[in-house]
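Asker: Before I ask anything, let me first share the structure, which is written out below as structure tokens.
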Amino acid sequence: MHGENDELRARGPATLVALPGGVEAWSVNSQALIRDLLTDPRVSKDTRQHWPAWINGEIPADWPLQIWVSVQNMFTAYGGDHKRLRTLVSKAFTARRTAAMQPRIEELTRGLLDRIAATPEGETADLRRDFAYPLPINVICELFGVPESSQPELHAAVDTIFRTTATPEEMQACQVGIYGILTALVAEKRENPGDDMTSGLIAARDDDGNGEAAVLSEGELIDTLLLVLSAGHETTVNLLDNAIHALLTRPDQLALVRSGKASWDDVIEETLRAEAPVANLPLRYAVEDIEIGGGVTIRKGEAILVAYGAAGRDPEVHGDDAAEFDVTRAVKDHLAFGFGAHFCLGAPLARMEARIALPALFERFPDLALAVKEEELEPMESFISNGHKALPVHLGK
């Protein structure tokens, strides 16, 4: 990923790239330009209003990234629709509700560490599979009241959504599966509402207040659940994965944390900067022509791919050592959770999970070490998700 970002950066702050299926988009890698575009009303995420290629039927129904642009939720909304949908979801991600999750996150963390500790002596543990992955997905499923029986299928579907090498057939099967899970979840929560976010969204959907039109359509309800249950955990999975990897491959950095010369918050923010959990996020669209300098213009209707992974390593912001992981770095500015109107509502929850999980892991296993050479670790099969397929370690028993 980073090598490709360097090549694109050498071509300028924005470069046309080809996505799967030959779909073209402007890849934007400059942190300053991304900030400008994310707050520019001339940039939209509404496929149905502002992407002529979609409106005119030029994008095939089996396009592998179709689910990223076809959903109807705050992720793809523009203007008043976005404000309406975000307001509804923000009522669920309150500071109070997030803080109330702390004891449960601590409990889940202890349970996962206990299971990892039971790894037979001489065998390796996979910290992505056994720690970084299950903690966030369990937290988000509990918040939304997803029954345990549905979680394995949900996990598999979410993994497919982020795997950008998936075939059209795999993606279509994934969509059928995940919409089936979510439709069943909504039906169950309508019948048996609980103290969870799904029930809260259903109440907003079904209670119009004064006999007026519902503030949330049925399609928006389902797609909002899809958004928060998928993107709502993937960022945290990769944050934990990348932070653990960074500290295991840079013992000097781990020593700074253990000595108190750097904090776990420093680790978290530097990980978000240097290894953005979401490398690239599709798609946005120019509502009108946008001149970005250097004689380059993003034309009305053209698609935009935001390269968050490149933005965190922008040398214009972080200097010549922008690619280096340094927990003592004075300025750790990043856009890992987005910026502006679409800033991630789950950012406080993700940070809290990392703040609990990381010190607990390294305290429980002080001699933790990678079980393979760093160059043998394989990246995710995705240009969206930035993490490893596996993170095998020796526990140091």
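The values are calculated or read from the model by the stated rules, or taken from the named source; none is laboratory data. Everything quoted here is computed from the prediction, not taken from an experiment. No Cβ is skipped: glycine too gets one built from the backbone with ideal geometry, and neighbour counts run over all protein chains shown. Keep in mind that these areas ignore ligands, DNA and RNA; they rest on the heavy atoms of the full protein, side chains included. Shrake-Rupley method; radii C 1.70, N 1.55, O 1.52, S 1.80 Å.
Asker: Once the convex hull of the alpha carbons of region 70-196 is built, what does its volume come to per residue, in cubic angstrom?
Answerer: Working: hull volume 19.0 nm³, N = 127.
So the per-residue hull volume is 150 Å³.
Asker: So, R0 is 45 Å and r is the distance between the beta-carbons of ARG35 and SER259; what FRET efficiency does that work out to, to 0.05? Write down the numbers at each step before the final one.
Answerer: On the way: r = 35 Å, r/R0 = 0.77.
Rounded to the nearest 0.05, the efficiency is 0.80.
Asker: What number comes out for accessible area per residue over the chain if the probe is 1.4 Å? Units Å², please.
Answerer: Here the residues of the chain average 43 Å² of exposed surface.
Asker: Amide H to amide H, which residues 5 or more places from LEU377 or on other chains are under 5 Å from it, using H placed in the peptide plane?
Answerer: none
Asker: Determine the gain in length on full extension of the stretch VAL176-ALA53; use 0.36 nm per residue of separation and subtract their C-alpha separation, reporting nm with one decimal. Write down the numbers at each step before the final one.
Answerer: Values: separation 123, 0.36 × 123 = 44.28 nm, distance 2.42 nm.
Contour length minus the Cα-Cα distance gives 41.9 nm.
Asker: Please list, short to long, the whole-number percent of alpha-carbon pairs of region 247-397 in consecutive 10 angstrom bins beginning at zero.
Answerer: Calculated P(r), rounded to whole percents: 9, 31, 36, 15, 7, 2, 0.
Asker: Give me the Debye-computed log₁₀ of I(q)/I(0) at q = 0.27 Å⁻¹ for region 247-314, equal point scatterers on Cα only, no solvent, two decimals.
Answerer: These q points yield log10 I(q)/I(0) values of -1.12.
Asker: Quick one: with all protein chains in place, what share of the accessible area of the chain is carbon or sulfur, to the nearest percent (1.4 Å probe)?
Answerer: 50
Asker: While we're here: Using r as the Cβ-Cβ distance of GLU363 and ARG129, and R0 as 22 Å, what FRET efficiency do you calculate, to the nearest 0.05? Kindly include the intermediate steps, with their values, before the conclusion.
Answerer: Numbers: r = 21 Å, r/R0 = 0.96.
Efficiency for this residue pair is about 0.55.
Asker: GLU24 to THR167: FRET efficiency via 1/(1 + (r/R0)^6), r the Cβ-Cβ distance, R0 22 Å, to the nearest 0.05?
Answerer: E between GLU24 and THR167, to the nearest 0.05, is 0.55.
Asker: Is any residue of region 113-142 close enough, with backbone N under 14 Å, to a label point placed 7 angstrom from the Cα of ARG104 along the Cα-Cβ axis, and if so, which?
Answerer: Answer for region 113-142: 135-142.
Asker: Restricting to bridges with both residues inside the chain, how much of the DSSP beta-bridge set is antiparallel, in percent to the nearest 5?
Answerer: 85
Asker: For the chain, take the alpha-carbon Rg, divide it by the Kirkwood Rh, and send me Rg/Rh.
Answerer: Working: Rg = 21.1 Å, Rh = 22.0 Å.
Ratio of gyration radius to Kirkwood radius for the chain: 0.96.
Asker: In region 243-266, whose amide N lies under 19 Å from the spot 7 Å out along Cα-to-Cβ of THR328? List them in ranges.
Answerer: 246-266, by backbone N distance to the label point.
Asker: Moving to a separate point now. If we count GluC sites (Glu not before Pro) as exposed when they sit in a DSSP loop and have at most 11 other beta carbons within 10 Å, what is the longest stretch of the chain that avoids them all?
Answerer: By the stated rule (loop sites, at most 11 other Cβ atoms within 10 Å), 213-397.
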